[in-house]
Amino acid sequence: MRVIPNLLFTSLLVLATMAARADMQFSSEKADFRLETVADNLAHPWSLAFLPNGDKLVTEREGRLRLIRNGSLLEAPIEGLPELVVAGQGGLLDVLLHPQFERNSTLFLSYAHRTREGMTTRVARANLNGNRLKDVEVIFEALPRSGTSRHFAGRMEFDRDGNLYVSVGDRGDMDRAQDLNDDAGGVHRITTTGAPAPGNPFLDKAGAQDTLFTYGNRNIQGMTIHPDTGAIWTHEHGPRGGDEINILKAGTNYGWPEITYGIDYSGLPITDDTARPGMAQPLHYWDPSIAPSGMAFYTGDLFPMWRGDLFVGALKMRKLVRLSIRDGQVVEEEDMLTDLGERIRDVRMGPEGALWLLTDSPRGKVYRMLPAQ
């Protein structure tokens, strides 16, 4: 008598799994596509990296590094992570492979860390050896620390010279973003060992951090390299309004909080200015805010009509935004996946020509975007 309920439970479980992995069909202005669920039940997945052997690494903000192999999420997380703290917006954040990963198995992790002096954004490098990280070494730590648990930023990217760019948020204290002697509120450019990158704009400036590349940045959670120019592009959260896309240029002040297209969460103005001499204007901005997170240029062959377009995930507005850019101007903007109802945390260009998405929830998913069948 016990066999029938067990068989029924097994059948229902199989059907539920099949339903969860079933492709969802969508239409957009230039292409029909489907979303394939590759993995689910991830605790606030934050970042995705593609290994040369076909495996995928996924960070969970809750402090786990997971592995997807042969289309399945392995139950056991990667062991040997650096000490980190999960608090507010902080936890395990970005994962990025060394440009020579096939040769040296080295990767980089950004994460929140706490001591008696407070919390901050850290970066560690490590070697991936099977299911364990080895030779873990902290190579960057933003100082000074603070007691807040927001605006850690933590997105990373490599340029073509092999320098590592690391974003650090203003940590909820906006004036820190204009202080060159403060690591908060900017982008840092370092070598793979953590030294200031050669040619950094403030190397010889007294009272300035020698790793700083840009400043006046509020909270960057999207960073990618342009496939043609090699420039590093970012987007950052504004307050109420004023989410920005910027192209990073050495030594540039992006203005926060002296200029902004947003207002305070209270509804009061932060500043009367949207422009000032010596402060860069964004390439594009959103008002109201979409809460952008993750970004990637499409460079594959599966969707030739999208080639060169920039895709941006949105947390607050729960959508994927496609931007067509010509001569440094956004000439077309399309909202996609508005019916999905998911907070898009990360967007990645896959090696097989598909776009990959992470959704931010206690049961987050990994999606692969493919042409409609």
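The values are calculated or read from the model by the stated rules, or taken from the named source; none is laboratory data. Computed from a prediction, not measured in an experiment: that's the story for all the values here. Every residue, glycine among them, receives a Cβ derived from its backbone with ideal geometry; neighbour counts consider all protein chains shown. Ligands, DNA and RNA are excluded from the accessible area calculation, which covers all protein heavy atoms including side chains. Shrake-Rupley method; radii C 1.70, N 1.55, O 1.52, S 1.80 Å.
Charges only on Cβ, +1 for Lys and Arg, -1 for Asp and Glu: so what's the dipole of the stretch 203-318 about the Cα centre, in debye to the nearest 20?
Magnitude of the dipole: close to 160 debye.
Find how much the distance from D327 to I247 grows on full extension, using 0.36 nm per residue of separation minus their present alpha carbon separation; answer in nm with one decimal.
Taking D327 through I247 to full extension adds about 27.5 nm, to one decimal.
To the nearest 10 square angstrom, what accessible area does I259 show with a 1.4 Å probe?
Around 10 Å² of this residue is reachable by solvent.
With a cut-off of at most 15 other beta carbons within 10 Å, and DSSP calling the residue loop, which trypsin sites (Lys or Arg not before Pro) in the stretch 296-357 qualify? Please list them.
Those satisfying the criteria are R307, K316.
Could you grab the relative contact order for the stretch 71-177? Cα pairs under 8 Å, six or more apart, rounded to a whole percent.
Reported as a whole number, the value is 22 percent.
With just the Cα atoms defining each centre, how far is the stretch 159-178 from the stretch 193-226? Give it in Å.
Using only Cα atoms, the two centres lie 6 Å from each other.
Using Cα pairs under 8 angstrom and six or more residues apart, how large is the relative contact order of the stretch 224-373, in percent?
Dividing the mean separation by the residue count of the stretch 224-373 yields 16 percent.
Please state the charge dipole magnitude for the chain, taken about the Cα centre, from unit charges on C-beta atoms (+1 on K and R, -1 on D and E), reported in debye and rounded to the nearest 20.
1140 debye
Please list S27, S293 in order of solvent-accessible area, largest first, computed with a 1.4 Å probe with all protein chains present.
I get S27, S293, largest accessible area first.
What does the helix-only formula give at 222 nm for the chain: each DSSP H stretch with n ≥ 4 adding -39500 (n - 2.57), the total divided by the residues, and the result rounded to the nearest 500 deg cm²/dmol?
About -2000 deg cm²/dmol.
When only Cα pairs under 8 Å and 6 or more residues apart are kept, what is the percent relative contact order across the chain?
14 percent
Evaluate the distance, in nm, between pseudo-label points positioned 7 Å from the Cα of A206 and of L73 along their respective Cα→Cβ axes.
That separation, rounded to one decimal, is 5.4 nm.
For K134 and D175, what does the FRET efficiency come to when R0 = 41 Å and r is the distance between their Cβ atoms, rounded to the nearest 0.05?
Here the calculated transfer efficiency is 0.50.
Quick one: pull the percent of accessible area on the chain belonging to carbon and sulfur, 1.4 Å probe, ligands and nucleic acids left out.
48 percent
Can you list the trypsin sites (Lys or Arg not before Pro) in the stretch 95-150 that are in a DSSP coil and have 10 or fewer other beta carbons within 10 angstrom?
R116
Only loop residues by DSSP count here, and only those with at most 16 other Cβ atoms within 10 Å; note down the trypsin sites (Lys or Arg not before Pro) in the stretch 207-249 that meet that.
Sites meeting the loop and neighbour criteria: K249.
In degrees from 0 to 90, rounded to the nearest 10, what is the angle of the helix 3-21 Cα long axis to the longest principal axis of the chain?
Once rounded, one gets 40 degrees.
Count the net charge of all other residues whose Cβ sits under 10 Å from the Cβ of A208, scoring Lys and Arg as +1 and Asp and Glu as -1.
Counting the neighbours of A208, the net charge comes to -3.
Within 10 Å, at most 11 other Cβ atoms, and a DSSP state outside H, G, I, E, B define an exposed site. Report the longest part of the chain free of exposed GluC sites (Glu not before Pro).
Segment 118-373 is the longest.
Calculate the FRET efficiency for R276 and E29 from the Cβ-Cβ distance with a Förster distance of 35 Å, rounded to the nearest 0.05.
Given R0 = 35 Å and the Cβ-Cβ separation, E is 0.45.
Please work out the average accessible area per residue across the chain, using the 1.4 Å probe convention, and give it in Å².
Roughly 43 Å² per residue, with all protein chains present.
How many Lys pairs in the chain lie less than 22 angstrom apart by Cα atoms, where the lysines are 8 or more positions apart or on different chains?
6
Net charge around D228, counting only other residues with Cβ within less than 12 Å of its Cβ (Lys, Arg = +1; Asp, Glu = -1)?
Neighbourhood net charge equals +2.
Taking mean projected area of the Cα convex hull in nm² as the quantity of interest, determine which of [x] 17.1; [y] 18.5; [z] 21.1 was computed from the displayed structure.
[z]
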